[in-house]
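Take a look at the structure below.
The values are calculated or read from the model by the stated rules, or taken from the named source; none is laboratory data. Source: prediction; values computed, not measured. Using ideal geometry, Cβ is built from the backbone for each residue, glycine included, and neighbour counts are taken over all protein chains shown. Side chains included, ligands, DNA and RNA excluded: accessible areas come from the protein's heavy atoms. Shrake-Rupley method; radii C 1.70, N 1.55, O 1.52, S 1.80 Å.
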Amino acid sequence: MSDKVQVSRADGVLRLVLDRPDKKNALDREMYRAMIGALEAARSDMDVRVVVFTSAAADFTAGNDLADFRDFLENPQDFPALAFVRALASFEKPMVAAVTGDAVGVGTTMLFHCDLVYASPDARLRMPFIDLGLVPEAAASLLVPRRVGMARASQFLLLGEAFTGEEAFRLGVVNSLAPPEAVDATAMEAARRLARKPAEALLAARRLMRGDPAEILARIEEEAALFARALSSPQARERLAAFFSRPK
Ligand code: COA
């Protein structure tokens with residue numbers, strides 16, 4: 001349990017609300033653990049048909065807590081971010097996301113594991129791994145080119161260019177756009193509709209559409225090995241230090 005992730009359940013929908021507004025919903029270890037626990041419990045809970053990721057604040061999430069990245073070298077065993085992306089990739093029930101404001105790093109890569117994504121036109125999606133001296137995670141190196149083509153994937157992953165909710169909609173990453181104040185309700189409505197579908201048929205269709213998760217899980221491990229090495233590089237240390245000493 002965490003105050004920073006509100007978990008609730010109604011109408012077959014498990015709702016995970018990121019709630020750490022002072023840090024733009026950056027995901028720390030406690031938040032990852034809360035989400036992993038909720039997903040694990042949801043696997044065998046027949047009353048949970050669909051999971052929704054949303055935010056209590058203006059921003060979806062500023063991505064992994066960079067202080068946790070900085071501390072990784074002292075405590076490499078305690079890295080629930082990896083367990084979270086594994087849990088996402090192997091989760092078998094539909095997942096829906098409501099995205100407003102900033103969606104950075106895993107805030108964007110996790111969307112490629114979701115079945116339906118709703119966003120505001122001005123949402124800002126960004127995967128700045130290379131600029132931080134890191135490598136893509138959550139199988140983004142596989143899923144992003146597959147979904148948006150190599151040209152756009154190179155722009156977003158290699159150049160680290162941001163893209164808006166509107167562009168994500170045009171590229172087929174986002175299902176539909178809504179004003180920021182209506183994104184959550186739009187996502188919840190879609191989730192409730194999914195939750196009312198015949199459960200077995202829905203799960204079977206999703207499994208068929210997504211294919212064998214083994215390839216995605218294997219890519220997550222490949223990326224994770226490179227990511228751990230990259231985190232200890234002087235470039236990454238420098239970039240992380242620069243974030244925390246930036247002028248305000
Ligand atoms: N990890 C830890 N803290 C973070 C954070 C992160 N990923 N993102 C934002 N924060 C914190 C800031 O340190 C600041 O805290 P403080 O007020 O105690 O100093 C607070 O959240 C607000 O952030 P700020 O940078 O002042 O807001 P902004 O609107 O100017 O910029 C972002 C928003 C998201 C563009 C900017 O915070 C950012 O680039 N964050 C890092 C994103 C990132 O690289 N994520 C990891 C990707 S792998």
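A simple charge model with +1 on the Cβ of Lys and Arg, -1 on the Cβ of Asp and Glu and nothing else charged puts the dipole of the stretch 168-247 at about 140 debye relative to its Cα centre.
With +1 assigned to the C-beta of every Lys and Arg and -1 to the C-beta of every Asp and Glu, and no other charges, what is the dipole magnitude of the chain about the Cα centre in debye, to the nearest 20? Intermediate results must be reported in sequence, preceding the final value.
Working: 32 positive and 34 negative charges, 84 e Å.
Charge dipole of the chain: 400 debye, to the nearest 20.
Remark: relative contact order (the chain) = 20 percent; criterion is Cα-Cα distance under 8 angstrom and separation of 6 or more residues.
Hey, with R₀ at 35 Å, roughly what FRET efficiency would Arg210 and Lys248 work out to, going by the Cβ-Cβ distance, to 0.05? Present the calculation step by step, with values, prior to reporting the outcome.
On the way: r = 43 Å, r/R0 = 1.22.
Working from the Cβ atoms, E equals 0.25.
Sorted on the mean count of surrounding Cβ atoms within 10 Å across their residues, most packed first, peptides 115-124, 9-18 read 115-124, 9-18.
Are there DSSP H segments in the chain that both extend 20 Å or more along their axis (alpha-carbon positions) and score a mean Kyte-Doolittle hydropathy of at least -1.0? List them, or say none. Each step should come with its number before you reach the end.
Numbers: long enough: 29-44 (24 Å, -0.23); 180-195 (23 Å, -0.07); 214-231 (25 Å, 0.61).
The answer, listed by residue number, is 29-44, 180-195, 214-231.
Below 11 angstrom from the Cβ of Ala10, what's the summed charge of the other residues (Lys, Arg +1; Asp, Glu -1)?
Details: positive: Arg9, Arg15, Arg192; negative: Asp11, Asp47.
So the surrounding residues net to +1.
Positive contributions from Lys and Arg (+1) and negative ones from Asp and Glu (-1), summed over other residues with Cβ under 10 Å from the Cβ of Asn75, come out at -3.
Working note: Cα gyration tensor of the chain, eigenvalues times five, square-rooted, sorted largest first, giving semi-axes of 27, 19, 19 Å.
Per residue, the stretch 137-224 exposes 55 Å² of solvent-accessible protein surface, assessed with a 1.4 angstrom probe and all protein chains in place. If you take all other residues with their beta carbon under 15 Å from the beta carbon of Arg147, and give Lys and Arg +1 and Asp and Glu -1, the sum is +2. Only helices enter the 222 nm calculation for the chain: every DSSP H run of n ≥ 4 contributes -39,500 (n - 2.57), and dividing by all residues gives -14000 deg cm²/dmol, rounded to 500.
Relative to the Cα centre, what is the charge dipole magnitude of the stretch 1-123, using +1 at the beta carbon of each Lys and Arg, -1 at the beta carbon of each Asp and Glu, and rounding to the nearest 20 debye?
On the way: 13 positive and 19 negative charges, 48 e Å.
Using Cβ point charges on Lys, Arg, Asp and Glu, the stretch 1-123 gives about 220 debye.
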